[in-house]
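Right, one structure below, let's go through it.
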Amino acid sequence: MAVVGLFWITEDSVCLGAAPVGTASGVRLTEDGVEVLGDDRGAAWSWGEVRRIEVRDVPVRSAARRLVSMAFDTLYTAVTGDGELPPAYTVDVETADGTVEVSVVSAVTGGIYTPDEYELSRTLLGRLVDGGAKVGDLLAWRRDHAADDTPPREEREALLRKWAESA
């Protein structure tokens, strides 16, 4: 698995935030459409049915502030032994029938995104909804880099730009 922006990418699936485990809620993006996962939440729509996907409450900080926050969290956990789950954020999937709100857990280390990764991820979500980008491109990249972990920030941003600009 690799995390690029808001996307958790495996060789066969793409999730917003961390991939849900058990009955946890989540949002999976497929080549066919969008699936909402979790206890009592199962729903799916084709890309043609999805009008918009919005993300909100995403923890965003500059790269420097993100680093300081991660260092503090690591020190706090080491001293107290009291670790926390990464923060959650909200995904709204809008269709003609209404909007479904889903809470997902941040997948990025430290739970905090940089402003560029956040904005590029939002742009890519818009392009996926309007048909200008394809989930298959994210999956193909992951299959080609199956042995690799999450790429460094500059490479993640370049990938997000490339996927958002693909036609």
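The values are calculated or read from the model by the stated rules, or taken from the named source; none is laboratory data. Remember, it's a predicted structure, so these values are computed and weren't measured experimentally. Virtual Cβ from ideal backbone geometry, glycine too; neighbours counted across all protein chains shown. When the accessible area is computed, the model is the full protein with side chains, heavy atoms only, and any ligands, DNA or RNA have been set aside. Shrake-Rupley method; radii C 1.70, N 1.55, O 1.52, S 1.80 Å.
Within the bounds of the stretch 41-48, is there any residue that is open to solvent by 50 Å² or more (accessible area, probe 1.4 Å), at pLDDT below 90 and under 18 Å from Thr99 (Cβ atoms)?
Yes.
Can you tell me how many residues in the stretch 44-60 are farther than 14 Å from Ser121 by Cβ, in contact (Cβ under 8 Å) with a residue 40 or more places away in the chain and in a strand (DSSP E or B)?
Final tally of qualifying residues: 4.
Pick from the stretch 102-115 the residues that are open to solvent by 10 Å² or more (accessible area, probe 1.4 Å) and in a helix (DSSP H, G or I): which of them is nearest to Pro87 (Cα to Cα)?
Gly110
So which residues in the stretch 1-15 are open to solvent by less than 10 Å² (accessible area, probe 1.4 Å) and not hydrophobic (A, V, I, L, M, F, W, C)?
Gly5
Of the numbered conditions (1) modelled with pLDDT under 95; (2) over 13 Å from the mean Cα position of the chain (by Cα); (3) aliphatic (A, V, I, L, M), Ala107 satisfies every one except a single condition; which is it?
(2)
Which ones in the stretch 116-167 are under 15 Å from the mean Cα position of the chain (by Cα), surrounded by fewer than 16 Cβ atoms within 10 Å (Cβ to Cβ) and modelled with pLDDT under 95?
If the condition is that a residue be under 15 Å from the mean Cα position of the chain (by Cα), surrounded by fewer than 16 Cβ atoms within 10 Å (Cβ to Cβ) and modelled with pLDDT under 95, then Arg153 is the only one that fits.
Going by what's in this entry, would Gly83 be described as exposed (fewer than 15 other Cβ atoms within 10 Å of the Cβ), modelled with pLDDT of 90 or more and not basic (Lys, Arg)? Lay out the reasoning, then the answer.
Numbers: exposed (fewer than 15 other Cβ atoms within 10 Å of the Cβ): yes; modelled with pLDDT of 90 or more: no; not basic (Lys, Arg): yes.
So Gly83 fails the test.
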